[in-house]
Amino acid sequence: MRNVSSYFIILVASFAITACGGRGYTAVDEDILVEPVGGLAGSELDADDISTSGLDSGSSLSTSGLDSIYGDTDLLNRRVIYFEYDSSSLTLESEAIIQAHAQYLNTVSGVAVTLEGHTDERGTREYNLALGENRAKAAFTVMQAVGLGSERIQIISYGEERPVSLGSDESAWNLNRRVEILY
């Protein structure tokens, strides 16, 4: 009796899988099914519907035209700024990164940014939370100076709680003293 119920379950599962095959799914690999993406009003997409105008010959996104709109796109690709030991002072390079992100966010409505302050493991928990907050506030001040509204900026301090490097040496500490720009 137990074998009959097992066969019944296998039979029902087989029918369910077979039924999916008739609904526009295409088998790509034995275990992977891909459903076609419908275009406007449920129409199928053609190769003519796909624009590659932003792609260069290497099939990667070209950012050459964005430099004049958003500033240096190399700066926009950098979302982490680093700090010296026991400091919340920004370097000129860090300020340029923050300004580039603020200028970009000024052109995109409805997108908020989170500034996460982090420290290395040295110092007390309370001290590190305050230092992480001061680092995030330094970035906040630059973004406000560029014109990004404070209602679009959130500050969070994690102190030493979220290290990117678990080591207890100078190279690990250098990576953990940071503000992450997230949006």
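Descriptive notes on the structure:
- Think of each Lys and Arg Cβ as +1 and each Asp and Glu Cβ as -1; about the Cα centre, that makes the dipole of the stretch 69-182 roughly 320 debye.
- Net charge, Val179 excluded, C-beta distance under 11 Å - Lys, Arg +1, Asp, Glu -1: +2
- Rounded FRET efficiency, nearest 0.05, which uses the C-beta distance separating Leu175 from Ser89 and R0 of 25 Å: 0.85
- Rounded FRET efficiency, nearest 0.05, which uses the C-beta distance separating Ser150 from Tyr183 and R0 of 22 Å: 0.90
- FRET efficiency for the Ser168 to Arg125 pair, using the beta carbon distance and R₀ = 25 Å, is estimated at 0.95.
Laboratory data are not the source of any read-out in this text; all were calculated from the coordinates shown. Just so you know, these numbers come straight off a predicted model, no measurement behind them. Please note: Cβ atoms are built from the backbone with ideal geometry, for glycine as well, and neighbour counts cover all protein chains shown.
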